[in-house]
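Q: What follows is a structure written as structure tokens; I'll ask about it next.
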Amino acid sequence: MTFHSPAYLFLLLLLIPVIGWYIWRLRDAQATLRISDTSELARQPKSMRVWLIHVPFVLRVLTVTLLSIALARPQLSNRWQSQSTEGIDIMMALDVSGTMLAEDLKPNRLEAAKEVATDFVINRPNDNIGLVVFAGESFTQCPLTTDHAVLVNLFQSVKFGLIEDGTAIGLGLANCVNRMKDSPTKSKVIILLTDGSNNRGDITPQTAAEIAKTFGIRVYAVGVGSHGQARVPVQTPYGTQYMMMDSEFDEVTLRNIAQTTGGEYFRATDNKSLRRIYEQIDQLEKSKIRVREYSKRYENFMPFLYAALICLLLDILIRHFVLRTIAE
């Protein structure tokens with residue numbers, strides 16, 4: 001509730017001296033009578049007039065209060081909003097090569113990347129998001145879509161061994177660009193996640209970055225892997241064996257890709273840092289929302305005016321018919 005003329009509410013301050021004067025006057029308003037014993041009078045029932053003696057004054061205070069509120073013209077308002085959303089096109093390029101099974105992230109790099117990327121997708125309901133996986137080759141696991149439930153399910157089915165092993169970063173990037181180049185959306189982003197160096201494919205990472213730049217696509221490159229060595233499972237005729245490998249990859253190329261396209265490069269050394277990276281990207285790439293707010297006001301002073309009239313009428317009736325006094 002709002003008031004059209006709130007200055008009238010200052011009239012309520014006049015009640016302070018009025019109430020003070022009424023309380024001060026009550027000190028001398030009680031009649032006195034000297035008697036030897038008041039015990040009999042204490043047992044006598046009190047008349048209804050005793051209980052009602054202060055009611056007229058209370059009603060007058062209420063009348064002034066309600067009239068002041070009515071003069072201030074209280075108003076109710078209905079508000080509603082209309083909004084239009086401009087989403088972002090995001091292609092996620094995920095490395096599924098054998099080194100992504102390294103266990104420096106828990107349970108391994110690939111599963112950690114899938115978990116964090118899934119949360120990222122769920123938190124961006126207005127965007128078109130797709131998924132490209134790559135190793136020795138590249139293919140589109142899910143084209144750009146707003147049906148994120150389908151995308152999340154397809155994320156869960158990603159695993160090592162879907163395609164020939166290797167690391168074709170350039171092919172992964174080029175595949176993403178091909179999926180986005182004809183989109184009318186103004187903002188286009190690729191999130192590239194890998195832990196290796198390009199060693200397969202006919203397209204170099206730098207060439208793919210130049211193509212992305214031509215179509216106005218930014219690339220956020222995420223290098224995954226702790227410093228030092230990491231334990232990697234290897235399939236042998238005797239079952240799964242573990243070997244230690246150096247957790248190093250071509251950071252220079254990833255930085256150049258990001259710099260060429262106007263994106264950024266990040267290094268994820270554990271699960272927490274990987275999650276923070278996706279949170280940073282989430283903040284950097286916000287959907288644009290246009291909001292229009294409408295408001296309609298309704299006058300609401302009549303209920304207060306009616307209540308004031310009722311209080312005034314009750315005051316008159318009680319003073320003239322219930323608490324009537326006989327003048328000398």
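The values are calculated or read from the model by the stated rules, or taken from the named source; none is laboratory data. If you're wondering where the values come from, they're calculated on a predicted model, not measured in any experiment. Only protein heavy atoms, including side chains, enter the accessible area calculation; ligands, DNA and RNA are left aside. Shrake-Rupley method; radii C 1.70, N 1.55, O 1.52, S 1.80 Å.
Q: Relative contact order of region 119-231: what whole-number percent is it, with Cα pairs under 8 angstrom and at least 6 residues apart? Let's see the in-between values first.
A: Values: 174 pairs, mean separation 27.3, N = 113.
About 24 percent, as a whole number.
Q: May I pose another question? Kindly flag which residue pairs out of K186/K272; K106/K159; K159/K213 have an alpha-carbon separation exceeding 27 Å in this structure.
A: Working: K186/K272 31 Å; K106/K159 15 Å; K159/K213 30 Å.
Those over the limit are K186/K272; K159/K213.
Q: Helix 169-180 versus the longest principal axis of the chain: what angle, 0 to 90°, nearest 10, using Cα atoms?
A: 50
Q: Using amide H atoms built in the peptide plane, which far-off residues or other-chain residues are under 5 Å from S183 H to H?
A: none
Q: Only one of the values (1) 0.95; (2) 1.97; (3) 1.22 was calculated from this structure for Cα Rg over 2.2 N^0.38 Å; name its label.
A: (2)
Q: Still on this model: Once amide H atoms are built 1.01 Å from N in the peptide plane, which residues 5 or more positions from S197, or in another chain, come under 5 Å H to H?
A: Long-range HN contacts for S197: D250.
Q: Given an 8 Å cut-off on Cα distances and at least 6 residues of separation, report the relative contact order of the chain as a percent. Before the final figure, lay out each step's value.
A: Details: 576 pairs, mean separation 77.9, N = 328.
Value for the chain: 24 percent.
Q: Under 12 Å Cα to Cα from K181, which aspartates and glutamates show up? Leave out anything in the same chain fewer than 8 places away.
A: Candidates past the 8-residue exclusion: D89.
Q: Step through the residues of region 6-13 one at a time and calculate ³J(HN,Hα) from phi using the Karplus curve (6.51 cos²θ - 1.76 cosθ + 1.60, θ = phi - 60°), rounding each to whole Hz and writing x for Gly and Pro.
A: Per residue, the Karplus-derived 3J(HN,Hα) values read x, 4, 5, 5, 5, 4, 5, 5 Hz.
Q: Name the residues whose placed amide hydrogens come within less than 5 Å of the amide hydrogen of V133, ignoring near sequence neighbours (fewer than 5 apart) on the same chain.
A: The list, which skips near neighbours in sequence, is L94, F139, Q141.
Q: Let me ask another. Given a 1.4 Å probe, how much area per residue of the chain is accessible, in Å²?
A: Working: 19450 Å² over 328 residues.
Result: 59 Å² of accessible area for each residue.
Q: With all protein chains present, how much of the accessible area of region 146-203 (probe radius 1.4 Å) comes from carbon and sulfur, to the nearest whole percent? Spell out each step's value before the answer.
A: On the way: 1250 of 2680 Å².
C and S atoms contribute 47 percent here.
Q: Please compute the Kirkwood hydrodynamic radius of region 129-218 from all pairs of different C-alpha atoms, in Å with one decimal.
A: 13.5
Q: Let me ask something else. With θ taken as phi - 60° and the coefficients 6.51, -1.76 and 1.60, list the Karplus ³J(HN,Hα) couplings across region 216-231 in order, rounded to whole Hz; mark glycine and proline as x.
A: Computed from phi, the couplings for region 216-231 are x, 9, 8, 10, 9, 9, 10, x, 10, x, 6, 7, x, 10, 9, 8 Hz.
Q: Under a GNM of the chain (C-alpha, springs under 10 Å), which listed residue has the highest mean-square fluctuation: M100, M245, M91?
A: M245
Q: Still on this structure: Taking θ as phi - 60°, what are the ³J(HN,Hα) couplings along region 147-159 by the Karplus curve (6.51, -1.76, 1.60), each to the nearest whole Hz, with x for Gly and Pro?
A: 7, 6, 5, 5, 4, 4, 5, 5, 4, 5, 7, 6, 7
Q: Could you please state, rounded to a whole Å, how far the C-alpha centre of region 178-229 is from the C-alpha centre of region 129-159?
A: If you average the Cα positions of each part, the centres end up 15 Å apart.
Q: Which of L110, L193, L26 ends up with the largest GNM mean-square fluctuation for the chain, with Cα atoms connected below 10 Å?
A: L26
Q: Shifting gears a bit: Do the sum for the chain: with -39,500 (n - 2.57) for every DSSP H run of n ≥ 4, divided by all residues, what is the mean residue ellipticity at 222 nm, to the nearest 500 deg cm²/dmol?
A: On the way: 11 runs with 123 residues, N = 328.
It lands at -11500 deg cm²/dmol.
Q: Moving to a separate point now. For the chain, modelled as a GNM with alpha-carbon contacts under 10 angstrom, which of R267, R60, R218 fluctuates the most?
A: Result: R60 has the largest fluctuation of those listed.
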